Amino acid sequence: MKRTAKEMEDSARQIGRRSLIVGGLFGGTAAVLAGRMRYLQVERADDFRLLAEDNRISIRVLPPERGLIFDRTGVLLAGNEPVYRITFVREDSDDVDAVLERLSQIVTLDMRALERTREEIFAVRPWVPVTIADRLSWEEMSSVAVNAPALPGVNPEVGLSRAYPMGADFAHVVGYVRNVPDGYRDATGDTDPVLSIPDFQVGLLNVEEGLEANLRGSAGTKRVEVNANGRVMRELDRDPAIAGDDVQLTVDAGLQNYVEARLTGESAGAVVMDCQTGDILALASAPTYDPSIFTRPLSATIYNGLLNDPYRPLANKSTQGLYPPGSTYKMVVALAALEGGFITPEETVNCPGFMEIGNRRFHCWRRSGHGRMNLAESLSQSCDVYYYELAQRVGIENISAMAIRLGCGVRHDLPLSSIAQGLAPTMDWKRQRYEQDWVVGDTLNASIGQGFVLSSPLHLAVMTARIASGKALEPSLVRSINGVPQRPGTAPDLGIDPAHLALVHEGMWRVSNHARGTAYRSRVMGDEFTIAGKTGTSQVRNITAAERAAGVISNADLPWERRDHALFVGYAPANNPRYAVSVIVEHGGGGSVAAAPIGRDVLLRAQVGDVPPPELYPVSQRRDIQRMHESLPILESPPVPSGREPSRA
């Protein structure tokens, strides 16, 4: 039907109105979009540019391989071994519980730990891997790999963990590593980004801690592309981590093993030093423990067992244990008297068995006394009264000065935990510590290594090495770092008259080689291995006048913790000193009985380079010595060097 002009005019007006409405809607929408685009692209441009870059590129930290630790011959003491672990990624599995159930049938999993792991799986983002099991065997790892199609989300991985091939022998030297503890960064001020890596481990004791900066190495980085949710899409490039420095120590693995074995069953410490260089060749504390238990989660039962053991296996008795040095301190007093001109070599002192000062008696260990003694005889027979007399002449200030000169009462600089300073007391020290004046009795007690005097086996080893060599030797534990020698230079002379040192040497030789010497039973058969030494016994309880009158109770009749400490120091060969040793046996009784035989055996092992043969012992002792050696947990042959140079340089 043909439309009229009026109808066509009305239709045109309606179309115009609709066009205006639609055009207005489109224009308004365009204006809103343009405003929003201006807001996003101009006003928020910097924020979204940064956000877009973060979403696109991420930098991840790569852990370095920890440096290795070797003994002086190249035997590996601390290394890195591959460990097998299983991780789980939730987004790769449709049924987490079903996969975990199948996995528990393939490898042994602790169900309580598995439940905690399950909670962690659902607590983290779906693409974040969670460790399910660590330190799996190769067989378990293979089983998981074979069953991989039935275990979606489960990923077998290989990592590195610290290993200690010599086991418990070097726990008190090398120490151990452990996951970064809470508060570590605040306590140490260490801001290394590698510490943020999950399960990253740091040294927490002894050399592992003391040389942490060298052993840790430097972290690497990798740049990865991630999407807006943070999921890694691909790796762009990487800067590899730099492995930590290799460290070579001065200790000898074979000798250390022997010393630890020889201390078996005792609560004891021993140190062996090289009299020519100051190198520490062995540093043992018994009982010991396997440091590898600290590299993984440690049960409360095991830790409390170590913590509550009365023999204190966690303590390093050789460096942090402080004890009255007993008669081993008499060389200090003798040299102070000789150097100060307070006595002549042949001058004698009469020992009736005691000395009276005021209304108090100071007793000699030999109740009937020793009669007249010169200096060499007093050392050989360990006459207390002789040193009471010397102490009154010399005075505590001169005694303490000589002790410090010989390495006692100072803190030696070694990369070990808890190095004790010891104590060579003076008048001012007592006044400041106790607000009391020094009295004569204090000096007499100090002269026989009792009273306030305290030393560690390390102090006594340094003292012995200095007396034997006449050099101001400094103890050294690190031989090289990355092949760069760390040993100190030639030690200067002590500045002590060689004639005075020779006189003390004579007395120490008599201790082990004269029929009346206190360590004569621990003598050596063979001039080339002859030992010079000094025994010591330090009291840990007071002996009352009533007990002394009735007869002093023997150590064998006392509870273990109330028995005297037994000490021995010595060097060998006597005519050309090369090795010095100090030994303390806690509550071992007499030094001549408990400590001297150990010191003798250790010095022989150092000289021979292997288990000492029976012919170096007195005939009457050879069968017992052979049985003893057969019963000790000594390595059948000296440890074999790793074959790798202890350096990455």
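Brief remarks follow.
- One residue from Arg433, Arg393 being in a helix (DSSP H, G or I), surrounded by fewer than 22 Cβ atoms within 10 Å (Cβ to Cβ) and free of Cβ contacts under 8 Å to residues at least 40 places away in the same chain: Arg433
Table: residues versus (1) among the polar types (S, T, N, Q); (2) over 34 Å from the mean Cα position of the chain (by Cα); (3) under 19 Å from Gly79 (Cβ atoms); (4) part of a helix (DSSP H, G or I).
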| position | (1), (2), (3), (4) |
| --- | --- |
| Met141 | no, no, no, yes |
| Ala171 | no, no, yes, yes |
| Asp182 | no, no, no, no |
| Asp190 | no, no, no, no |
| Leu195 | no, no, no, yes |
| Val202 | no, no, yes, no |
| Asn214 | yes, no, yes, yes |
| Thr221 | yes, no, no, no |
| Val224 | no, yes, no, no |
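- Here Gly407 meets the list (1) touching a Lys or Arg at 6+ places or on another chain (Cβ under 7 Å); (2) assigned to a loop (DSSP other than H, G, I, E, B); (3) more than 21 Å from His505 (Cα to Cα) almost entirely, failing just condition (3).
- Test: residue in the stretch 515-536 that is more than 19 Å from Pro345 (Cβ to Cβ), in contact with a His (Cβ under 7 Å, 6 or more places away or on another chain), in a helix (DSSP H, G or I) and assigned by TED's automatic domain parsing to the domain that holds Arg605: yes
- Filtered residue count, the stretch 360-401, keeping only those that are among the hydrophobic types (A, V, I, L, M, F, W, C) and under 18 Å from Lys430 (Cβ atoms): 5
- In the stretch 301-348, the residue that is farthest from Ser285 (Cα to Cα) out of those that are hydroxyl-bearing (Ser, Thr, Tyr) and touching a His at 6+ places or on another chain (Cβ under 9 Å) is Tyr323.
- Screening Asp134, Asp182 for residues that are out of contact with any Phe, Trp or Tyr (no Cβ under 9 Å at 6 or more places or on another chain) and either small (Gly, Ala, Ser) or under 30 Å from Leu211 (Cα atoms) (or both) leaves exactly one candidate, Asp182.
- Residue in the stretch 134-142 that is over 30 Å from Phe70 (Cβ atoms), surrounded by 11 or more Cβ atoms within 10 Å (Cβ to Cβ) and not assigned by TED's automatic domain parsing to the domain that holds Val202 present: yes
- For Gly244: the one exception among (1) over 16 Å from the mean Cα position of the chain (by Cα); (2) part of a helix (DSSP H, G or I): (2)
- Selected residue [of a type outside the set (S, T, N, Q), assigned to a strand (DSSP E or B) and either over 21 Å from Glu377 (Cα atoms) or outside the structural domain of Thr464 (by TED's automatic domain parsing) (or both)] from Ile598, Ile584, Ile553: Ile584
- Test result for Glu120, of a type outside the set (A, V, I, L, M, F, W, C) and more than 38 Å from the chain's Cα centre (by Cα): no
The values are calculated or read from the model by the stated rules, or taken from the named source; none is laboratory data. What you see is a predicted model, and the numbers here were worked out from it, not measured in a lab. Because the Cβ atoms are built from the backbone with ideal geometry, glycine has one as well, and the counts that use them run over all protein chains shown.
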